[in-house]
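First up is the structure itself, then whatever we jot down about it.
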């Protein structure tokens, strides 16, 4: 598959909100429980992170990824791809650019914090080369009251 990957632009925000809000509505694969407004998304995913990328397939935005500077040389990553018409390889394509961007900025590692019930997210980050680093017991409670651990995976930079 051929993908175009680039820095997120302000005009990408509405489509990114569609993608993340659908994932939130389906549940079970993100710790986010409340949908984003466009202004909240823009503040959190466009303005805040030093690295914020989108992936397009045939001109359609199919996913995004952001890496937040959490200090001490660490970046915390979040990846979201369209679940209504999944395009295999989109996550890998956007990660290549995010990895290059984070390496360019320096630092020690990229962290991915995934709820333990998100088997797809855990598998994705493992495929990208992340390794289990630590676990945070009972770090998130689902709306139905189920408590889940958070698995922190690490990808060393450099």
- Roughly what % of Cα-Cα distances in segment 4-156 sit above 27 Å, to the whole percent? 17 percent
- Mean shadow of segment 59-125, computed from the convex hull of its alpha carbons, in nm²? 5.1 nm²
- Say R0 is 22 Å: what FRET efficiency, to the nearest 0.05, do residue 86 and residue 138 get from their beta-carbon distance? 0.10
- Message: Compute a Gaussian network model of the chain, connecting alpha carbons closer than 10 Å, and tell me which residue from 51, 26, 94 fluctuates the most.
- Response: 26
- If the label point sits 7 Å along Cα→Cβ of residue 7, residues of segment 93-123 with amide N under 18 Å come out as 94-106
- Task: Return the whole-Å distance between the Cα centroid of segment 16-52 and the Cα centroid of segment 142-157.
- Result: 17 Å
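All of the numbers you see were taken from the coordinates with simple rules; none came from a lab. Note that the structure is predicted; figures quoted are calculated from it, not measured. All Cβ positions, even for glycine, are placed from backbone atoms using ideal geometry, and neighbour counts span all protein chains on display.
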